[in-house]
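**Q** Below you'll find the structure I mean.
Quick note: the coordinates plus some simple rules give every number you see, no bench work behind them. These numbers come from a predicted model, not from an experiment. Don't worry about glycine lacking a Cβ; one is built from the backbone with ideal geometry, like all the others, and counts go over all protein chains shown.
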Amino acid sequence: MAHWHTLLEQLVATRRGALVGYAYVFTGDIAEAEDLTHDAIMRAFGTPRGLTDLAHAEGYVRKAIATQFLNRRRSHSRFVARMHLFADHAAPRDPQADVGAGDAVRTALLTLTPRERACVVLRHMEQMRVAEIAQTLGLAEGTVKRYLSDAVARLTAQLGEEFGTEPEHDAVDVAPARTRRSR
C-alpha cells in the first residue's frame with residue numbers, strides 16, 4: 001500500500017472529528033463543515049504533495065479548510081449579489097438562535113465577514129500569531145490586525161464584555177515601599 005494511502009487512512013481514522021470541528025467554527029453548520037472537511041481532504045490527497053507524516057497532513061488539511069471556506073464565501077457573495085435577478089429570496093430564521101451561550105457565540109461569529117471570521121478562528125482556535133495568520137491567508141500583517149480588531153469589537157458589542165475577557169484575579173500590591181535616604 002502506498003504511503004499516502006496509509007497516511008490518509010490514519011488522518012481520517014484519528015483526526016476527522018477534530019477537522020470537522022475546526023471547519024464547524026468557520027461555517028456554523030455541521031453539514032457544511034463535513035462537506036468542507038471532505039473537500040479539503042480531497043484537495044490534500046488528490047495530487048501528490050509530499051505529505052510526510054500525520055501532523056504535516058493535518059496542518060495541510062486545516063489550511064485547505066480555511067482557504068476553501070474563503071473561496072466558497074467569495075463565490076457565494078457573487079451569487080447573492082446577482083440572486084435578486086432570479087428570484088425573491090428571504091433567508092429563513094434559524095429556530096435555535098439565541099439558545100444558550102454556545103448558540104450566541106455561533107450566531108455572533110456568523111455576523112462577521114468571512115475574512116474576519118477566518119482571522120478570529122485562526123487566532124483564538126489555532127493560537128496562531130498575527131504573522132502566521134497573514135502568511136496562511138495571504139494578507140498583510142496590518143490587514144490581519146485590522147480584521148481582528150474589528151471582529152473583536154463587533155463580538156464584544158454583541159456578546160458583552162464577559163465573553164471577551166478573562167476573569168480578573170485579586171490584585172496584590174507587590175511594589176516595594178519607597179524609603180527616604182538619609183544624608
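**Q** Just rank 30, 41, fewest to most, by other beta-carbon atoms within 10 angstrom. Could the numbers behind the result be given before it?
**A** On the way: 30 12, 41 21.
Lowest to highest Cβ neighbour count: 30, 41.
**Q** Moving on to the next point. What is the dipole size for segment 1-76, taken about its Cα centre, with +1 at each Lys and Arg Cβ and -1 at each Asp and Glu Cβ, in debye to the nearest 20? Write out the running numbers ahead of the final one.
**A** Working: 9 positive and 8 negative charges, 61 e Å.
Once rounded to the nearest 20, the dipole reads 300 debye.
**Q** Figure the gain on full extension for residue 103 and residue 14 (residue separation times 0.36 nm, minus the Cα-Cα span) and round it to one decimal in nm. Kindly include the intermediate steps, with their values, before the conclusion.
**A** On the way: separation 89, 0.36 × 89 = 32.04 nm, distance 2.73 nm.
Going from the current span to full extension adds 29.3 nm.
**Q** Assign unit charges at the C-beta atoms only (+1 for Lys and Arg, -1 for Asp and Glu), then state the dipole size of segment 98-162 relative to its Cα centre in Debye, rounded to the nearest 20.
**A** 240 debye
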